[in-house]
Amino acid sequence: MVIRPRRLRRTRAIRDMVRETTLSVKDFIAPLFVKPGQDVRVPIPSMPGQFHFSVDTLVKEAQELWSLGVPSIILFGLPDRKDPTGSRSWADDGIVQQAVSAIKSKVPDMVVMTDVCLCEYTDHGHCGVILNGAVDNDATLELLARQAISHARAGADFVAPSDMMDGRVGAIRTALDEAGFMQTGILSYAVKYASAFYGPFRDAADSAPQFGDRTGYQMDPANALEALKEAQLDMDEGADMIMVKPAIPYLDILSRVREICLLPLAAYNVSGEYAMVKAAAERGWIDGDRVMMEMLTSIKRAGADLILTYFAKEAAERLRNG
């Protein structure tokens, strides 16, 4: 007797029926960049198909994503000015705060998340306060908490600390609760590696460090057990959801975190992963649409419940059109 697994691959209907992993538009969180101005929709050269938006055009983009079934966005802000402490990150009239309020007024049911970090707002580009030439962990926590509260006050459903300071989830959770924002959730960048795949994002967010690098607070790409430790710490500190970043080079990490995580688990399909697909597709070296869907499916298969991806709109259109 010959065992014939191909019987289950014979037609598209059969393949669809027995498929183990199903990608849904509900899985996607779309990252968006917002900056001051009016009627701004400027292409980001290193991320084809992505844009810098002003608040008015950002609202239109959110409405379009919602119409495609994408349930959530995460916002990254480019401030009107920078300083050593990133004070515009917690200003009530800050660009992200304005954007959250505007989106919630027009698309109230959309789940709006906000990146909580100082790198886009500091003149030195690091994710925290600089003391004696290095990022001071504990001095940074208070500022992250201020930023999170300001986002919650504007109407954010979730704040997403990406700084990788020790203890920041607990500090933010305590601050939110004390300020009366018990219902504001935390999506923690629990497992964030010091990756070379962030290059296009740092260009888009104008957040490259002006000296040194971030290896002193982001994780060593060689470490796996440390990822489980970081994930467990953030769960213990009160995170509502946790994230692994990047996604594709760390699918093994994503899978291992999935085994210990009882919370919703997200993965960030980062800018470098996106840009490589776009660049190769533009040159005709790959079928960009097929690679996109294969990449996103692999992230879901590895254990992600949610995927932060710059492909959100394209993938949603592809899923809608079959």
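The values are calculated or read from the model by the stated rules, or taken from the named source; none is laboratory data. On a predicted model such as this, the values are computed, not experimentally measured, just so you know. Neighbour counts are summed over all protein chains in view; Cβ atoms, including those assigned to glycine, are modelled from backbone coordinates with ideal geometry. Just the protein is used for accessible areas: all its heavy atoms, side chains included, with ligands, DNA and RNA removed. Shrake-Rupley method; radii C 1.70, N 1.55, O 1.52, S 1.80 Å.
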On Cα atoms only, tilt of 137-154 relative to the major axis of the chain in degrees: 70
In Å², nearest 10: area of ARG41 left accessible to a 1.4 Å probe: 120
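Below 13 angstrom from the Cβ of ASP92, what's the summed charge of the other residues (Lys, Arg +1; Asp, Glu -1)? Please report the intermediate quantities before stating the final value.
Values: positive: ARG88, ARG146, ARG153; negative: ASP93.
Once positives and negatives cancel, what remains is +2.
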Backbone HN-Hα couplings from phi across region 301-312 [Karplus 6.51/-1.76/1.60, Hz, Gly and Pro as x]: 4, 6, x, 6, 7, 10, 10, 7, 8, 6, 7, 3
Burial ranking of peptide ranges 61-67, 154-160, 296-302 (average Cβ count within 10 Å, highest at the top): 154-160, 296-302, 61-67
Between region 142-213 and region 272-322, the Cα center-to-center distance that results, in Å: 26
Theoretical gain in end-to-end length, ASP80 to ARG283 [0.36 nm per residue, Cα-Cα removed]: 69.4 nm
Region 54-119 and region 26-49: distance between their alpha carbon centers, rounded to Å: 11
Within a Gaussian network of the chain (alpha carbon springs, distance under 10 Å), most fluctuating of PHE181, PHE211, PHE76: PHE211
Point-to-point label distance, ARG10-ARG320, nm (Cα→Cβ direction, 7 Å offset): 3.6
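Please express the shape of region 99-214 as an equivalent ellipsoid: the semi-axes are the square roots of 5 times the eigenvalues of the C-alpha gyration tensor, given largest first in whole angstrom.
Details: eigenvalues 122, 61, 28 Å².
Semi-axis lengths for region 99-214 are 25, 17, 12 Å.
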Per-residue SASA entry for LYS229, accessible area with 1.4 Å probe, Å² rounded to 10: 130
Cβ-defined net charge surrounding ILE286, 15 Å radius [Lys, Arg +1; Asp, Glu -1]: -3
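Only four residue types carry charge here, +1 at the Cβ of Lys and Arg and -1 at the Cβ of Asp and Glu. Report the dipole size of the chain about the Cα centre in Debye, rounded to the nearest 20. Let's see the in-between values first.
Values: 36 positive and 43 negative charges, 381 e Å.
The calculation lands at about 1840 debye.
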Helical mean residue ellipticity (222 nm; -39500 (n - 2.57) per DSSP H run of 4+; nearest 500) of the chain: -12000 deg cm²/dmol
Shape metrics for region 175-255, restricted to C-alpha atoms - Rg then Dmax, Å: 14.6, 40
